[in-house]
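Asker: Quick one: this structure, given as structure tokens, is what I'll be asking you about.
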């Protein structure tokens, strides 16, 4: 059997999982008023229907003092129980085991919503939230332990198969375990046994509330990667203590801590796949309980190999099942090649959630909107012409064909993919090209006729007489006014698409704050250029923080000798001695100008829509839609989303 290790059943407590794939806990921002919603039900049901063996829901708060973000499930409230029952019934109908993760975020939170001090083992402020917490006293510790038990009881009555106690990246339990945040001198501080006391008291209390039948798991941070934090040797010892208590059925693992090393918890495509496997591997050598491994597992082959090599017993696949809810079903059917593989771009999952918005996915326009029904096609069998083979056009074509229309996609270039294909050629961005591969394969399976090397104009479309035309012609570089006519000032696309090969001293202008400037800067440095990146913002690549790419970029830039300049606005260029250019840069906070010299200037600036065909088709007899960058230049998520939206509306 293909993926025989991954698809083999596994006993877990008194239950048996149908396979080893875990949809691990992660925030969806779908809660309303502290309660689960219809979106939660549809979201988790889709992954159960898609074959996940074990589903662990996002965290459920165990005490009123824990309200770190707006859309939190408040599991301590009895009124959650009927909502739980609807959710668990929907998941059980498709054969998955479902657990609720219990948590109290402690000092890794804010009093913004609760209007109360945050609680922690010691008054050590979190570096992100910067609120000094109140150190809990023995009576408050007992109250918190009771809160975990009460919430577990609600979960049991709500039909969950058990619960998982979060002691990992953002948890008051983790804070007790870590020497960095636990400075206590009483029986809950000092030695590892004392620091683990709070966890073991919670385990005992939760097991008593659940009874012997439901599953009880513990999720541990194996390595915080901060000074004086939790390190692997202590994490292994805690795992041994958890097993020795005889009340826990499995151990889940994690790497990093929110907020200091958050970029390691949900590693971007710049982080090697399986990067955290050393943690479950070490714990599994010490305990006999089943151990869950995590760390950017994007395909069944990779996950199966990790189990075969003995690193873990189960695999947490979160973003992979966000991108494709049928991840497991396709693997089981021998159709792994049809899986919409996660890009690890973090744009719509981590990036949106971090801004307080509901979870989405660049690859999957239905992610986070599963509860919103799709309309029926207005009429099946429409003849649809899609002009442009970037992500917007490919998604529109695939969706329209899947909904019963006859679709032809025209691309003027030799290959489809648009700017995504070019961007994937930059340093560290190869996996971004998976988006094109997935969409091309989906078009092929859906019966889309793809014609490349065709320049489409209004006359051609009128001769074809389609029922609907979708314009997805993308965007073209916009030359900034300050650049003049200098041939040494070029666009990032000129570099990525191979039209120019800058050398020597190169200035990269970052007006977009994302990967366009930073990835090209790395590529040029890798070719031997001496690179400087200048931005009008306060930090180069400022939006990389949302996708957890900032730390990696800063370290690589330092290693590659890339200089970074901020708060600078280019004003003009002039010829310099030799073939170079002198660039006038205005430091806008002070009004001071400078005139450094470079051999080349590469611009990551806003583009303009390629909308000539759209204008030519004004007043046409057929239905015309404009999507993606042809409408207005944005990022790939907007292109995919609009391609899906317009095709669904046909």
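Asker: Does region 375-392 include one or more residues that are in contact with a helix residue (DSSP H, G or I) (Cβ under 7 Å, 6 or more places away or on another chain) and surrounded by fewer than 19 Cβ atoms within 10 Å (Cβ to Cβ)?
Answerer: Checked region 375-392: at least one residue is in contact with a helix residue (DSSP H, G or I) (Cβ under 7 Å, 6 or more places away or on another chain) and surrounded by fewer than 19 Cβ atoms within 10 Å (Cβ to Cβ).
Asker: Can you confirm whether residue 431 is under 19 Å from residue 628 (Cβ atoms) and either modelled with pLDDT under 95 or surrounded by fewer than 21 Cβ atoms within 10 Å (Cβ to Cβ) (or both)?
Answerer: no
One line per residue, one yes/no per condition, for (1) crowded, with 24+ Cβ neighbours inside 10 Å; (2) over 10 Å from residue 206 (Cβ atoms); (3) touching a strand residue (DSSP E or B) at 6+ places or on another chain (Cβ under 8 Å); (4) at pLDDT 95 or above:
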| site | (1), (2), (3), (4) |
| --- | --- |
| 149 | no, no, no, yes |
| 155 | yes, no, yes, yes |
| 160 | yes, yes, yes, yes |
| 167 | yes, yes, yes, yes |
| 174 | yes, yes, yes, yes |
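Asker: Against the condition within 17 Å of residue 636 (Cα to Cα), touching a residue at least 24 places away in the same chain (Cβ under 8 Å) and within 16 Å of the chain's Cα centre (by Cα), how does residue 343 come out, does it pass?
Answerer: Yes; evaluated as a whole, the condition is true for this residue.
Asker: Just checking, how many residues over region 466-485 are farther than 26 Å from residue 632 by Cβ and at pLDDT 95 or above?
Answerer: Residues meeting the conditions: 0.
Asker: Only one of 552, 578, 561 is in a loop (DSSP other than H, G, I, E, B), at pLDDT 95 or above and out of contact with any strand residue (DSSP E or B) (no Cβ under 6 Å at 6 or more places or on another chain); which?
Answerer: 561
Asker: Still on this model: Is it the case that residue 556 is in contact with a helix residue (DSSP H, G or I) (Cβ under 9 Å, 6 or more places away or on another chain), assigned by TED's automatic domain parsing to the domain that holds residue 499 and touching a residue at least 12 places away in the same chain (Cβ under 8 Å)?
Answerer: Here the answer is yes, as residue 556 does meet what is asked.
Asker: Right, something else. Taking the stated definitions as given, is residue 499 at pLDDT 95 or above and part of a loop (DSSP other than H, G, I, E, B)?
Answerer: Judged against the criteria, residue 499 is a match.
Asker: Looking at region 629-650 only, could you name the residues that are outside any helix (DSSP H, G or I) and in contact with a helix residue (DSSP H, G or I) (Cβ under 9 Å, 6 or more places away or on another chain)?
Answerer: Of everything in region 629-650, those that are outside any helix (DSSP H, G or I) and in contact with a helix residue (DSSP H, G or I) (Cβ under 9 Å, 6 or more places away or on another chain) turn out to be 631, 632, 634, 650.
Asker: Picking from 582, 645, which residue would you name as being within 37 Å of the chain's Cα centre (by Cα) and surrounded by fewer than 17 Cβ atoms within 10 Å (Cβ to Cβ)?
Answerer: It is 645.
Asker: So which pairs qualify, if the first residue must be in region 213-234 and on the phi > 0 side of the Ramachandran plot and touching a residue at least 40 places away in the same chain (Cβ under 8 Å), the second must be assigned to a loop (DSSP other than H, G, I, E, B) and surrounded by fewer than 24 Cβ atoms within 10 Å (Cβ to Cβ), the Cβ gap must be under 7 Å, and the two must be at least 6 apart or on different chains?
Answerer: From residues that are on the phi > 0 side of the Ramachandran plot and touching a residue at least 40 places away in the same chain (Cβ under 8 Å), the pairs are 228/179; 228/180.
Rundown of residues vs (1) modelled with pLDDT of 95 or more; (2) more than 30 Å from residue 520 (Cα to Cα), yes/no style:
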| site | (1), (2) |
| --- | --- |
| 389 | yes, no |
| 407 | yes, yes |
| 427 | no, no |
| 451 | yes, yes |
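Asker: Go through region 159-197 residue by residue and tally those that are under 28 Å from residue 84 (Cβ atoms), assigned to a helix (DSSP H, G or I) and either outside the structural domain of residue 136 (by TED's automatic domain parsing) or in contact (Cβ under 8 Å) with a residue 60 or more places away in the chain (or both).
Answerer: 4
Asker: Could you list all residues from region 434-470 that are farther than 16 Å from residue 400 by Cβ, crowded, with 18+ Cβ neighbours inside 10 Å and in contact with a helix residue (DSSP H, G or I) (Cβ under 6 Å, 6 or more places away or on another chain)?
Answerer: Passing the criteria: 435, 436.
Asker: A further question on this structure: Name the residues in region 50-64 that are assigned to a loop (DSSP other than H, G, I, E, B) and either under 23 Å from the mean Cα position of the chain (by Cα) or in contact (Cβ under 8 Å) with a residue 60 or more places away in the chain (or both), would you?
Answerer: 50, 51, 52, 53, 62, 63
Asker: Could you check residue 276 against (1) outside any helix (DSSP H, G or I); (2) closer than 21 Å to residue 96 by Cα; (3) touching a strand residue (DSSP E or B) at 6+ places or on another chain (Cβ under 6 Å) and say which number it fails?
Answerer: Tallying (1) outside any helix (DSSP H, G or I); (2) closer than 21 Å to residue 96 by Cα; (3) touching a strand residue (DSSP E or B) at 6+ places or on another chain (Cβ under 6 Å), residue 276 fails exactly one: (2).
So that you can scan it fast, the table gives a plain yes or no per residue for (1) in contact with a helix residue (DSSP H, G or I) (Cβ under 9 Å, 6 or more places away or on another chain); (2) modelled with pLDDT of 95 or more:
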residue	(1), (2)
182	yes, yes
187	yes, yes
195	yes, yes
202	yes, yes
207	yes, yes
222	yes, yes
227	no, no
240	yes, yes
243	no, yes
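Asker: Kindly indicate which of 239, 204 is part of a helix (DSSP H, G or I), surrounded by fewer than 17 Cβ atoms within 10 Å (Cβ to Cβ), touching a residue at least 12 places away in the same chain (Cβ under 8 Å) and assigned by TED's automatic domain parsing to the domain that holds residue 14.
Answerer: It is 204.
Asker: How do the pairs read when you match residues in region 608-625 that are closer than 10 Å to residue 469 by Cα with residues anywhere that are surrounded by fewer than 17 Cβ atoms within 10 Å (Cβ to Cβ), using Cβ under 7 Å and keeping only pairs 6 or more apart or on different chains?
Answerer: Once the first residue is closer than 10 Å to residue 469 by Cα and sits in region 608-625, its partners that are surrounded by fewer than 17 Cβ atoms within 10 Å (Cβ to Cβ) give 617/458; 622/467; 623/467.
Asker: Within the bounds of region 295-315, is there any residue that is part of a helix (DSSP H, G or I), under 13 Å from the mean Cα position of the chain (by Cα), in the same structural domain as residue 68 (by TED's automatic domain parsing) and over 19 Å from residue 242 (Cα atoms)?
Answerer: No: zero hits.
The values are calculated or read from the model by the stated rules, or taken from the named source; none is laboratory data. Quantities reported herein were computed from a predicted structural model and do not represent experimental measurements. Here Cβ is always computed from backbone atoms with ideal geometry, including for glycine, and neighbour counts include all displayed protein chains.
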